[in-house]
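Worksheet: one structure, shown below.
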């Protein structure tokens, strides 16, 4: 299977990406590698299968697995990761409190779009520096736009280099909490402040200004780490596994993602086509009432998926394609996950 130490599992939502990432980690431990799977809000069944609870949001938790290599699992919590980032780099308790108690920060760290992808970048950098594991399997965030994680390092650098940040860092408010530009306008300035207070809210603007001022000493480190992760993703030691649906209508999405990986100079190790409906053989003779309609639906799904798999294999060229069947149930226990990992390894060896 995979020999590289960094495996990034990507793909659109709803294709079983997290389960495939966990199975790759199990297979890696079976190969004798000390492995960490870093995942994002997996289903409760997968948490149970890995045997991890909420404590895995704070530190990697060992998975009880009989294998030559050790396996650990970690759940990335965006807000918790951002808080730890501030504590690590803010430089003193006063600076930490100034950021952590800021109302805009409390909203930003938990809900603003893009924070999860940025925290994934920071976590990847942290793991690269620690060098505690021989292999890291990273399950990328479940975003609507699956390329957000890949673009996150460059977006971070572009933002930190932008004029918008320089504007945000200006001292917009004086010690009394008044807008400095409005203060110079006298009575008219009061009207300007009232306008901003009605449209946006001066308290929010003050919180934003305070947030950027407090975080300013950390921006250099953000930029440096983002560039380091961008370089890590392009190294020969890093490979990507693209998990895809067999449905014909999803083929353009899969091809688009594969092309974007190639354009970024990222190595695609394989495309895993997951949850393929099996063909339904014809069964002559009488059937139970209602079964004929079900058989027609299952036959149509099997034929659709067969066409989708054949088309993807032809269009992907020399990229290995791993075919995984639809299971009766998603792995809900460690033995079931181990069985799925065994199936994945077997199908991987058969992939062209």
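The single condition among (1) within 18 Å of the chain's Cα centre (by Cα); (2) without any contact (Cβ under 8 Å) to a residue 12 or more places away in the chain that residue 94 does not satisfy is (1).
Scanning region 124-150 for residues that are under 16 Å from the mean Cα position of the chain (by Cα), surrounded by 16 or more Cβ atoms within 10 Å (Cβ to Cβ) and either in a loop (DSSP other than H, G, I, E, B) or at pLDDT below 85 (or both) yields 140, 141, 142, 143, 146, 147, 148, 149, 150.
Only residues that are touching a residue at least 60 places away in the same chain (Cβ under 8 Å) and outside any helix (DSSP H, G or I) were counted in region 294-321, giving 1. Can you confirm whether region 59-82 contains a residue that is touching a residue at least 40 places away in the same chain (Cβ under 8 Å) and at positive phi? No, region 59-82 has no match at all. The numbered conditions (1) touching a strand residue (DSSP E or B) at 6+ places or on another chain (Cβ under 9 Å); (2) surrounded by fewer than 24 Cβ atoms within 10 Å (Cβ to Cβ); (3) modelled with pLDDT of 90 or more are all true for residue 22 except (2). Can you name every residue in region 58-81 that is assigned to a helix (DSSP H, G or I) and crowded, with 18+ Cβ neighbours inside 10 Å? Result: 78, 81. Residues that are in contact with a helix residue (DSSP H, G or I) (Cβ under 8 Å, 6 or more places away or on another chain) and in a helix (DSSP H, G or I) within region 225-242 comprise 225, 226, 227, 228, 229, 230, 232, 233, listed in sequence order. Among the residues of region 41-57, those that are surrounded by fewer than 22 Cβ atoms within 10 Å (Cβ to Cβ), in a loop (DSSP other than H, G, I, E, B), touching a residue at least 12 places away in the same chain (Cβ under 8 Å) and touching a strand residue (DSSP E or B) at 6+ places or on another chain (Cβ under 9 Å) comprise 41, 51.
Condition test on residue 222, is it touching a strand residue (DSSP E or B) at 6+ places or on another chain (Cβ under 8 Å), under 29 Å from residue 141 (Cα atoms) and modelled with pLDDT of 80 or more? In short, no. When the criteria are applied in full, residue 166 fails the requirement of being more than 28 Å from residue 22 (Cα to Cα), part of a helix (DSSP H, G or I) and modelled with pLDDT of 75 or more.
The values are calculated or read from the model by the stated rules, or taken from the named source; none is laboratory data. All values reported here derive from a predicted model rather than from experimental measurement. When we count neighbours, we look across all protein chains shown, and the Cβ atoms used for this are built from the backbone with ideal geometry, even at glycine.
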